[in-house]
């Protein structure tokens, strides 16, 4: 499992991909692209309390390697979001591993994977072509609150 997790999250050097992992019927709430790897938190356009879906995806060379959760029904309840003075983070757990997607006040995106108290992977990226995929945006925060991912 550990090898699979690293193959899902560790990246190799290559060109940055421009295509979103979210479909045209979804909004990318978070996107992080690093070399030939791409990571996204995708929300269905109808995400609200007890409605719609939320899913984390990662890919290598444009091919999705990992999705969480697999089943989209009630998927928003698999995530929790919180806001501190410096960042907004969305967290989830999968098979004993804790994932954190965060955007800080300087618009730096970070993905962190931990097992217990040990940080296994930390991926930092900044989208120089700033788009509307920022967890700290008011519209994203309001969407997370409406879906009760953030309280």
Q | Contour excess over end-to-end distance, with Cα ends at residue 105 and residue 84 and 0.36 nm allotted per residue | A | 6.6 nm
Q: Quote the relative contact order of region 41-111 in percent (integer), defining contacts as alpha-carbon pairs under 8 Å separated by 6+ residues.
A: 17 percent
Q: Compute the distance in nm between two label points, each set 7 Å from the Cα along the Cα-to-Cβ direction, one at residue 49 and one at residue 142.
A: 1.7 nm
**Q.** Pair residue 63, residue 115: separation of 7 Å Cα→Cβ label points (nm)
**A.** 2.4 nm
Q: Mind checking the full-extension length gain between residue 70 and residue 24? Use 0.36 nm per residue of separation minus the Cα-Cα distance, one decimal, nm.
A: 14.7 nm
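Taken together, the values in this text are just the output of simple stated rules run on the coordinates, not laboratory data. All values reported here derive from a predicted model rather than from experimental measurement. Positions of Cβ are backbone-derived with ideal geometry, glycine not excepted, and every protein chain shown enters the neighbour counts.
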